[in-house]
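Input: a single structure, listed below in structure tokens.
The values are calculated or read from the model by the stated rules, or taken from the named source; none is laboratory data. None of the values given here were measured: they were computed from a predicted structure. As a convention, Cβ positions derive from the backbone with ideal geometry for all residues, glycine included, and neighbour counts pool all protein chains shown. With ligands, DNA and RNA removed, areas are computed over all heavy atoms of the protein, side chains included. Shrake-Rupley method; radii C 1.70, N 1.55, O 1.52, S 1.80 Å.
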Amino acid sequence: MFPLQRNRRLRNSSAIRLLVQENNISVTDFIVPLFVVEGKNIKEEITSMPNYYRFSLDLLVSEVKEIWDLGLRSVLIFVKVPESLKDNEGTEALNNSGLMQRAIRKIKEITPEMVVMTDVALDPYSSYGHDGIVENGYVVNDKTVAVLAKMSLSHAQAGADFVAPSDMMDGRIESIRLELEDAGFFNTGIMSYSAKYASAFYGPFRDALDSAPGFGDKKTYQMNPANRKEAISETLLDIQQGADIVMVKPGLAYLDIIRDLANETETPIAVYQVSGEYAMLKAAAEKGWLNHDEIMMEQLLAFKRAGASLIASYFAKDVAKLLK
Ligand code: PBG
């Protein structure tokens, strides 16, 4: 009781504030998303994601070195697949010399210690822009899962440390886990997008990969933003099926979900601060309406406070530079 307790005592100097600070942002919390394209000498800015780029493999080399030198230790690869290689079955996803598989090998060659994670979903490969195989206008579950399992194995064979299924099909974690075990890849991790919402925040990402759904939306597989309990059951199921890391996506609008999962499970929780979140801050900062670095750090800290231990973020390099 006042004046015995004066809460402001612990805020009285920067040193005291830091001593009692409950959460911190560290460069090793981050997963850096990478967009890879075919071709040579390509570094093209994504219009709706200022200062974020698509790289061809040759230019990816120096980018990955820079990421490593900044102290960042994990990347998450996405590929932009040429239109001519897209089909309904995602055939190209299983090509052992496909762009994804070459990107994995390349990064492992340059930075063998980098934790390489890979996106597992059919949308970049799908002529329909959906995360799975389409039959009669519906994304079918079990046939898709069979492809995702083979795709995961192909990534593991190329050297991926973690596969990251972002598709939200039922039962895919178990199928992927069994496929990897059968082939002897018992140390390949699975980071499951376990609570992934059908969100309008993914817009800029779909520009980046040219992967917007050709018809309809993703609401028959991604979660309804109105739901909270469902995130817990989705996530617990994925853990039972063999997920090593679970994920909430998007980030800022779903902090309650991160906290729910942190209370329900001991499995590490990742959060994906998605493209739309990045675009919003870049746009506001460009206009001079918000302070870029302060807002960036405040949002990231909120993820840690909510209970996330890993953060996939397009700000990863900005943060690493700021912390240096
Ligand atoms: C697709 C995928 C998406 C993102 C990651 N993987 C888009 C979608 O589900 O439509 C979004 C990432 C972002 O917006 O930054 N499997």
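Between a residue in segment 248-276 that is more than 17 Å from Leu237 (Cβ to Cβ) and polar (S, T, N, Q) and any residue that is open to solvent by less than 40 Å² (accessible area, probe 1.4 Å) and assigned to a helix (DSSP H, G or I), which pairs come within a Cβ distance under 8 Å, given they are 6 or more apart or on different chains?
That search, which allows pairs on different chains as well, returns Gln273/Gln299; Gln273/Leu300; Gln273/Phe303; Ser275/Tyr202; Ser275/Gly203; Ser275/Pro204; Ser275/Phe205; Ser275/Ala208.
Checking the conditions here, which among Ser14, Ser48, Ser84 is within 16 Å of the ligand (Cβ to nearest atom) and either in contact (Cβ under 8 Å) with a residue 60 or more places away in the chain or open to solvent by 10 Å² or more (accessible area, probe 1.4 Å) (or both)? Steps first, please.
Details: Ser14 fails: within 16 Å of the ligand (Cβ to nearest atom); Ser84 fails: within 16 Å of the ligand (Cβ to nearest atom).
Residue meeting the stated conditions: Ser48.
Note down all Cβ pairs under 8 Å where the first residue falls in segment 299-324 and is of a type in the set (Lys, Arg), the second is outside any loop (DSSP other than H, G, I, E, B), and they're at least six residues apart or on different chains.
If the second residue must be outside any loop (DSSP other than H, G, I, E, B), the pairs left are Lys304/Asp29; Lys304/Ile311; Lys317/Val32; Lys317/Glu66; Lys317/Ile67.
Do we have Ala243 as small (Gly, Ala, Ser), open to solvent by 30 Å² or more (accessible area, probe 1.4 Å) and touching a helix residue (DSSP H, G or I) at 6+ places or on another chain (Cβ under 7 Å) here?
When the stated conditions are applied, Ala243 does not pass them.
Conditions tested, residue by residue: (1) within 17 Å of Ala312 (Cα to Cα); (2) within 22 Å of the chain's Cα centre (by Cα); (3) in contact (Cβ under 8 Å) with a residue 60 or more places away in the chain.
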| position | (1), (2), (3) |
| --- | --- |
| Val20 | no, no, no |
| Thr28 | yes, yes, no |
| Ile31 | yes, yes, yes |
| Asn88 | no, no, no |
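Having 1 or more residues that are modelled with pLDDT of 95 or more and away from the ligand (no atom under 16 Å from the Cβ) is the bar; report the helices (runs of 4 or more DSSP H) wholly within segment 104-216 that clear it.
141-158, 172-182
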